[in-house]
Amino acid sequence: MVAPHPSWTPRSSVDPPAAPLGSAPPRHVAIVMDGNGRWATSRGLPRAAGHTAGERALLDVVAGAAEIGIRYLTVFAFSTENWNRPPAERRFLMTLFRRGLRTRRDALHAHGVRIRWLGQHSKLPPQLVTELEATERLTAGNTGLTLALCLNYGSRSELVDAARRIAEDATAGSLDAAALDSQTVARYLYAPDLPDVDLFIRSAGEQRVSNFLLWQCAYAEFVFVDALWPDFNRRHLRQAVAAYASRNRTFGTVNDPQPLPRAARG
Ligand code: FPP
């Protein structure tokens with residue numbers, strides 16, 4: 001048993017223990033962490049303060065996800081579209097990611113969390129890429145929660161990259177284009193071992209996908225939460241998981257097939 005690290009005792013750990021969920025948790029939860037800027041602006045603070053508070057919220061949610069028994073948590077930290085933000089905010093975020101990885105990874109590692117990075121190298125500061133790769137290496141053998149950070153990530157770019165590699169392999173003769181199916185395509189994604197997303201959560205009251213895990217969310221359940229991301233914590237996660245547990249997932253089929261009316265039978 002690993003002693004709790006100080007940075008693994010986030011804010012809501014002082015709350016009373018939550019009620020049991022009553023059913024199996026979703027295996028893979030994906031979160032769009034939205035509302036950092038609004039959180040800061042509403043307090044008269046610079047947007048950067050919202051991102052800093054958002055990083056703390058993420059730590060609490062990671063701890064909460066591990067508590068619930070979620071196996072995979074994928075979060076949208078920086079999209080390929082986020083390069084359009086003002087240069088000072090971009091620089092701040094890159095530094096926040098680098099420092100966050102450096103200061104949090106030992107605690108996360110001690111708790112068996114495996115950290116993955118999904119995204120493109122291009123445009124990222126080399127020091128951040130070094131930290132991401134070092135963190136992936138450090139935690140590669142962990143068997144607890146997998147935390148996937150989507151950083152410089154866009155789902156369409158991921159699919160374009162996959163299509164390019166598929167075309168290359170087909171041209172080289174190592175892939176039979178005629179036999180291509182969805183399982184083969186999935187093997188060309190950035191992290192082919194990640195299962196499909198079961199539960200997609202977005203904070204800050206927005207109801208958009210924003211180019212996040214389009215392929216992996218084909219059968220995800222969507223839960224939209226009004227709380228701004230810095231206010232989001234493990235209790236919000238539990239509520240979203242409870243909402244998920246109440247859904248009827250049919251994957252395009254029917255749970256309780258009724259006999260067809262006589263007129264409809266062939
Ligand atoms: C979106 O809110 C948030 C981001 C673009 C950054 C998310 C980053 C974190 C929560 C920090 C994660 C830290 C590590 C170490 C991975 P917004 O700025 O778009 O908010 P707004 O819509 O209110 O302006």
Between residues in region 116-130 that are touching a residue at least 12 places away in the same chain (Cβ under 8 Å) and residues that are open to solvent by 30 Å² or more (accessible area, probe 1.4 Å) and not hydrophobic (A, V, I, L, M, F, W, C), which pairs lie under 7 Å by C-beta distance while being six or more apart or on different chains?
Arg116/Glu136; Trp117/Glu136; Leu118/Tyr190; Gln120/Ser157; Gln127/Arg98; Leu128/Arg98
Tally time: how many residues in region 38-50 are open to solvent by 10 Å² or more (accessible area, probe 1.4 Å) and assigned to a helix (DSSP H, G or I)?
6
Output the residues belonging to region 185-209 that are exposed (fewer than 15 other Cβ atoms within 10 Å of the Cβ) and over 18 Å from the mean Cα position of the chain (by Cα).
Arg187
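Taking region 66-84 as the search range and keeping residues that are in a loop (DSSP other than H, G, I, E, B) and touching a Lys or Arg at 6+ places or on another chain (Cβ under 9 Å), which one is nearest to the ligand (Cβ to nearest atom)?
Selected residue: Ile70.
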Here is a check on your reading of the model: is Glu158 surrounded by 12 or more Cβ atoms within 10 Å (Cβ to Cβ) and within 16 Å of the ligand (Cβ to nearest atom)?
no
Is one or more of the residues making up region 246-257 out of contact with any helix residue (DSSP H, G or I) (no Cβ under 7 Å at 6 or more places or on another chain), modelled with pLDDT of 85 or more, closer than 25 Å to Arg56 by Cβ and not polar (S, T, N, Q)?
no
All-but-one check, Ala63 against (1) assigned to a helix (DSSP H, G or I); (2) near the ligand (Cβ under 9 Å from one of its atoms); (3) hydrophobic (A, V, I, L, M, F, W, C), failing number (2)
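The rows are residues; the columns are (1) assigned to a loop (DSSP other than H, G, I, E, B); (2) within 14 Å of the ligand (Cβ to nearest atom).
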| residue | (1), (2) |
| --- | --- |
| Leu175 | yes, no |
| Val197 | yes, no |
| Ile201 | no, yes |
| Leu213 | yes, no |
| Cys217 | yes, no |
| Ala227 | yes, yes |
| Pro230 | no, yes |
| Ala240 | no, no |
| Arg249 | yes, no |
Quick count over region 31-60, residues being closer than 19 Å to Arg202 by Cα and either among the aromatic types (Phe, Trp, Tyr) or away from the ligand (no atom under 14 Å from the Cβ) (or both), is 1
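The values are calculated or read from the model by the stated rules, or taken from the named source; none is laboratory data. The shown structure was predicted, so the numbers you read here are calculated from the model rather than taken from an experiment. With ideal geometry, Cβ positions are generated from the backbone for all residues, glycine too; neighbour counts draw on all protein chains shown. To get the accessible areas, we keep the full protein, side chains included, count just its heavy atoms, and leave off ligands, DNA and RNA. Shrake-Rupley method; radii C 1.70, N 1.55, O 1.52, S 1.80 Å.
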